[in-house]
Amino acid sequence: MNRRRLITLLGGAAAAPSLLWPLAARAQQPAMPVIGFLHTESPDGFTDFLRGFRQGLKDGGYVEGENVAIEYRWAENQMDRLPALAADLLRRRVAVIAAPTIAAAMAAKAATATVPIVFLVAEDPVKLGLVVSLPRPGGNLTGVNFLNAELSTKRLEHLRALVPGAARLAVLVNPANPPTTESTLRDLEPAARAMGLQMRVLNTSTSREIDAAFATFADERPDAIFVSLGPFFTGRRVQLVHWATRHAVPATYAGRQFAEAGGLMSYGTDFVEGYRQVGIYAGRILKGTKTTDLPVVQSSKFELVINAQTARMLGLNVPPTLLAVADEVIE
């Protein structure tokens, strides 16, 4: 072998590792973290909430598709699917699970005792067994408690102020969401009695059952409607508002999305803000904060929204006292 060929071979051998080095460096770079998003509903009607969730992540420096990935799992209101969906997220090796409903949080908790879980629930998370206490959650769960179930009495008071002559109240609840249904009725029944209202409870857990509930109004028309809270009703707000309008019955709802869709009035927590807080906590966990160091956030922002156009259509005069405390009046 001549000297020139020997130098060429040695040069090639020296260059080979340098060619491989960028590949090795890329292989050693950490993979993009993955967040699991577990929900009882379908994505229809949740655009605003998801925007809030992503904004919370962005506040912490995370943008979906750029430096974080999100795996979405929707149960389509089939609660028995939640355990399998939670297990699937764990197989994807998610770094944290966002579970913005009671059923989703319970399913995620049953599936793992190690992967961090951030919930958004209307009930007391201590009573639900999700955390040990609000300031010191313990375990692998923390999140947001938006207290809407405890606002049922106040919602009824606002409805009565707007419809003072009401005597018969129809209450729509979702039996597939037992904790919320039980707490809503527990608070609502004594309040209705004190106001002299006859309360009729209608179970609705599907779109068809909503249609069937309103069909009964032909024989027994209520003077007012109280729609319970929960993602099931939020996802079907257009259907609910449509039927309430068609039957010309005043109705109260738990979130401003209903009033924006043409519903008469709503009173409750700012849900978009709740989802944003879930995103903030998920981002902090990705940066290394433990769930045990993240106290449960209790929502303190409540909104009364009145749709004045709907009130006029129903022939209702909104009293000045109600206008004075309204956070927004939609014209």
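The values are calculated or read from the model by the stated rules, or taken from the named source; none is laboratory data. None of these values were measured; they are calculated from a predicted model. Every residue, glycine as well, gets a Cβ built from its backbone with ideal geometry; the counts of neighbours run over all protein chains shown.
Checking each residue in segment 236-279 for being aliphatic (A, V, I, L, M), surrounded by fewer than 21 Cβ atoms within 10 Å (Cβ to Cβ) and part of a helix (DSSP H, G or I) picks out Val238, Val272.
Given (1) in a helix (DSSP H, G or I); (2) of a type in the set (A, V, I, L, M); (3) surrounded by fewer than 19 Cβ atoms within 10 Å (Cβ to Cβ); (4) modelled with pLDDT of 95 or more, where does Ala105 come up short, assuming only one miss? Condition (3) is where Ala105 drops out. Among the residues making up segment 212-233, those that are within 29 Å of the chain's Cα centre (by Cα), at pLDDT below 95 and not small (Gly, Ala, Ser) are Leu229, Pro231, Phe232, Phe233.
Being touching a strand residue (DSSP E or B) at 6+ places or on another chain (Cβ under 9 Å), surrounded by fewer than 24 Cβ atoms within 10 Å (Cβ to Cβ) and part of a helix (DSSP H, G or I), is that true of even one residue in segment 127-144? No: zero hits. Within segment 184-211, restricting attention to residues that are under 16 Å from Leu151 (Cβ atoms) and buried (at least 20 other Cβ atoms within 10 Å of the Cβ), the residue that is modelled with the lowest pLDDT is Thr184.
The set of residues in segment 280-307 that are under 27 Å from Phe258 (Cβ atoms), part of a loop (DSSP other than H, G, I, E, B), among the hydrophobic types (A, V, I, L, M, F, W, C) and touching a helix residue (DSSP H, G or I) at 6+ places or on another chain (Cβ under 8 Å) is empty. Scan segment 50-87 for residues that are surrounded by fewer than 19 Cβ atoms within 10 Å (Cβ to Cβ), over 17 Å from Ile280 (Cα atoms) and among the hydrophobic types (A, V, I, L, M, F, W, C) and the total you get is 4.
Checked against the criterion of being under 22 Å from Phe271 (Cα atoms), in the same structural domain as Leu159 (by TED's automatic domain parsing) and in contact (Cβ under 8 Å) with a residue 40 or more places away in the chain, the candidates Thr204, Thr245, Thr181 yield just one match: Thr181. Give the residue that is modelled with the lowest pLDDT, with candidates limited to residues of segment 1-60 that are in contact with a Phe, Trp or Tyr (Cβ under 8 Å, 6 or more places away or on another chain) and of a type in the set (A, V, I, L, M, F, W, C). Ranking the candidates gives Phe49 first. Within segment 177-206, the set of residues being in contact with a helix residue (DSSP H, G or I) (Cβ under 6 Å, 6 or more places away or on another chain) and not hydroxyl-bearing (Ser, Thr, Tyr) comprises Pro179, Asp187, Leu188, Ala191, Met195, Met199, Leu202. Does at least one position in segment 148-164 carry a residue that is within 21 Å of the chain's Cα centre (by Cα), over 22 Å from Ala244 (Cα atoms) and assigned to a loop (DSSP other than H, G, I, E, B)? No, segment 148-164 contains no residue that is within 21 Å of the chain's Cα centre (by Cα), over 22 Å from Ala244 (Cα atoms) and assigned to a loop (DSSP other than H, G, I, E, B). Report yes if some residue within segment 162-174 is crowded, with 24+ Cβ neighbours inside 10 Å, within 22 Å of Gln298 (Cβ to Cβ), modelled with pLDDT of 90 or more and among the hydrophobic types (A, V, I, L, M, F, W, C); otherwise report no. No, segment 162-174 contains no residue that is crowded, with 24+ Cβ neighbours inside 10 Å, within 22 Å of Gln298 (Cβ to Cβ), modelled with pLDDT of 90 or more and among the hydrophobic types (A, V, I, L, M, F, W, C).
Within segment 180-204, being assigned to a helix (DSSP H, G or I), in contact with a strand residue (DSSP E or B) (Cβ under 6 Å, 6 or more places away or on another chain) and under 22 Å from Thr101 (Cα atoms) holds for one residue alone: Thr181. Of the candidates Phe226, Phe233, the single residue that is in a strand (DSSP E or B), on the phi < 0 side of the Ramachandran plot, surrounded by 21 or more Cβ atoms within 10 Å (Cβ to Cβ) and touching a Leu at 6+ places or on another chain (Cβ under 8 Å) is Phe226.
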